[in-house]
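Here is the structure we will look at.
Any read-out appearing in this document is the output of simple, stated calculations on the displayed coordinates, not a laboratory observation. Computed from a predicted structure; not experimentally measured. Every residue, glycine among them, receives a Cβ derived from its backbone with ideal geometry; neighbour counts consider all protein chains shown.
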């Protein structure tokens, strides 16, 4: 609702009222620019709800909205001599939107940086040394378990695990196992190997 500043007979037009409000705000800007603390306080009081409404339209948290609001008033203080006194309301809206966007962009960067770095390393972990020791121990356990398998099974697994693995026809010829039996025997070999490693 627009307040009428002059007592009239009800014939004051809305544009006259708007001009009077703008003129009042322009006067406050001019006075604040010249160092009048009272004018600055009235200017902040006059537009505080507008600035707050813009910050809330961006759905910022209360603390971020308060930070944006403070930054907007700081920006106005820094640029008060360059702001058109008649357009201070529009300037505040644009500046508030820009600050809101800046805060949102910063929050995205902070979250992404936080997420990517937060779980990289636990204090006290020594992943490379531990991983190397575990791999060496596991390889020694597998070699020991393989030696407990029958010779024919050891030879079969050796040929299947070679790089590149030997074709079934070659395995069949060298070991003397029918091609159709290689898969099932391999399965029994691996089952026995798992049992040996579990014990």
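Report the rotationally averaged projected area of region 128-198 based on its alpha-carbon convex hull, in square nanometres.
Its Cα hull, projected and averaged over all orientations, spans 5.4 nm².
With a 10 Å Cβ neighbour count serving as the proxy for reagent exposure, in which order, fewest first, do 100, 189 appear? Provide the component values of the computation, followed by the final result.
Numbers: 100 22, 189 19.
With the sparsest Cβ surroundings first, the list reads 189, 100.
For each of 199, 61, count neighbouring Cβ atoms within 10 Å of the residue's Cβ, then give the residues from fewest to most. Display every interim value, and only then the final one.
Working: 199 6, 61 11.
In order of increasing Cβ crowding within 10 Å: 199, 61.
Roughly speaking, what is the stretch gain from residue 74 to residue 194, that is 0.36 nm per residue apart minus the C-alpha to C-alpha distance, in nm to one decimal?
36.2 nm
How far is the Cα center of region 45-114 from the Cα center of region 175-196, in Å?
72 Å
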